[in-house]
Amino acid sequence: MKSSIGILCILLITVVSTSYISAQSDDEVISVDSSIVVANAAVTDAAGNWVGGLERKHFRIFENGFEQEIRSFETETTPFAAVILLDTSGSMEERVTLARAAAIQFLDGLRSDDFAAIYNFYSKVEMVQDFSNSRDLREQAFDLKADGMTVLNDAVYKAAEILAKRSETRRAIIVLSDGADTMSKRSADKALRAALFANAIIYTVDMSAIGTNGKDRFQNQGVLKNFAEKTGGKFIATPGGIAMRDAFRGIVNELSQQYTITYQPSNNKKDGKWRAIEIRVSRPNLTIRTRKGYNAPKSK
């Protein structure tokens, strides 16, 4: 960012006191009881290096153009909670082993106060490992086989649902998939909105087979990129070997090195409308990646 003011557009609303997601069908509305907005920011310099040492006084936050009072400010050492989603559908074939190795790389970077859960999805979503700060992968993860259809959207929605119940203000969903949804009950938009309401960043890793034809791969990557870009996360091309190791090390480092800002909106209308968030940083040449806004709660 070349201007002297780094601009970032939110990491969304979350509830500090109470948060819940409820929906049984794709037509139902996700509900969040919220009075506090949480914005998580990853800050890098022109060379792409993490920028530490910023203080509360360096940040200003705006909602729809109106400056808001910062209620709390936390440095980059704040713990996070993450859900790893492993695609084990039939289209993944031998790449299940690669996805499992990626999960191991992520767990290896956890700090003592970080927590991660692992779910796999095919024709349904199943828990492989509940939230833990352990760096070990449980034995049942090594029995996973590629089979069935793909419920990618349902898996993202499920991850958002369980993250919304966590106390950590930093939350992430890591998706390892080829992006081809064939059986979900929920749309990609509903899954995305669930992640936004849960204050979860989505990191997506393209696990497409090398032989996937151009049109299909382009379409599937578009789905994965959309999840990542709209939540302030990252899309990572098919990793392998050192590239995979570095990619997952980078995700853990980013989650560990963020700034968390909270505020209580001066606009307390429950109208369900979109509210743009802008955060300004009083240092030049900084890049801040986060999501772009949130929908206010809506009265029934």
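The values are calculated or read from the model by the stated rules, or taken from the named source; none is laboratory data. Computed from a predicted structure; not experimentally measured. Please note: Cβ atoms are built from the backbone with ideal geometry, for glycine as well, and neighbour counts cover all protein chains shown.
Starting from residues that are aromatic (Phe, Trp, Tyr) and touching a Lys or Arg at 6+ places or on another chain (Cβ under 8 Å), keep the ones in segment 252-300 and report whichever is farthest from residue 75 (Cα to Cα). Restricting to residues being aromatic (Phe, Trp, Tyr) and touching a Lys or Arg at 6+ places or on another chain (Cβ under 8 Å), the top hit is 294. Consider segment 162-209 and keep the residues that are among the β-branched types (Val, Ile, Thr) and surrounded by fewer than 24 Cβ atoms within 10 Å (Cβ to Cβ). The one that is modelled with the highest pLDDT is 162.
May I ask you to say which residue of 68, 24 is among the polar types (S, T, N, Q) and at pLDDT 85 or above?
Values: 24 fails: at pLDDT 85 or above.
Selected residue: 68, the only one of 68, 24 that is among the polar types (S, T, N, Q) and at pLDDT 85 or above.
Being surrounded by 21 or more Cβ atoms within 10 Å (Cβ to Cβ) and out of contact with any strand residue (DSSP E or B) (no Cβ under 6 Å at 6 or more places or on another chain) is the filter; apply it to segment 140-153 and report the residue that is modelled with the lowest pLDDT. Only one residue tops the list, namely 150. When 41, 99, 116, 103 are checked against the criterion of being assigned to a strand (DSSP E or B), buried (at least 17 other Cβ atoms within 10 Å of the Cβ) and in the same structural domain as residue 158 (by TED's automatic domain parsing), 116 stands alone in meeting it.
Filter segment 99-155 down to residues that are among the hydrophobic types (A, V, I, L, M, F, W, C) and at positive phi, then give me how many there are.
Of the residues in segment 99-155, the ones among the hydrophobic types (A, V, I, L, M, F, W, C) are 99, 101-104, 106-107, 110, 115-118, 121, 125, 127-128, 131, 137, 141-142, 144, 146, 149, 151-152, 155.
Right, trim to at positive phi and you get none.
The qualifying residues number 0.
The residue that is surrounded by the fewest Cβ atoms within 10 Å (Cβ to Cβ), counting only those in segment 268-283 that are in a loop (DSSP other than H, G, I, E, B) and out of contact with any Gly (no Cβ under 8 Å at 6 or more places or on another chain), is 268.
Could you grab me the full set of residues in segment 166-190 that are part of a loop (DSSP other than H, G, I, E, B) and farther than 22 Å from residue 106 by Cα? Spell out how you get there, then give the answer.
We begin by selecting, within segment 166-190, every residue part of a loop (DSSP other than H, G, I, E, B); these are 166-169, 178-187.
Within segment 166-190, 180, 181, 182, 183, 184, 185, 186, 187 qualify.
Annotation: of all residues in segment 219-267 being part of a loop (DSSP other than H, G, I, E, B) and either modelled with pLDDT of 90 or more or within 14 Å of the chain's Cα centre (by Cα) (or both), the one that is surrounded by the fewest Cβ atoms within 10 Å (Cβ to Cβ) is 266. For segment 48-81, the set of residues classified as out of contact with any Lys or Arg (no Cβ under 9 Å at 6 or more places or on another chain), exposed (fewer than 14 other Cβ atoms within 10 Å of the Cβ) and part of a loop (DSSP other than H, G, I, E, B) consists of 48, 49, 52, 53, 55, 65, 69, listed by residue number. For segment 191-218, name all the residues that are in a loop (DSSP other than H, G, I, E, B) and touching a residue at least 24 places away in the same chain (Cβ under 8 Å). Within segment 191-218, 198, 199, 207, 208, 209, 210, 212 qualify.
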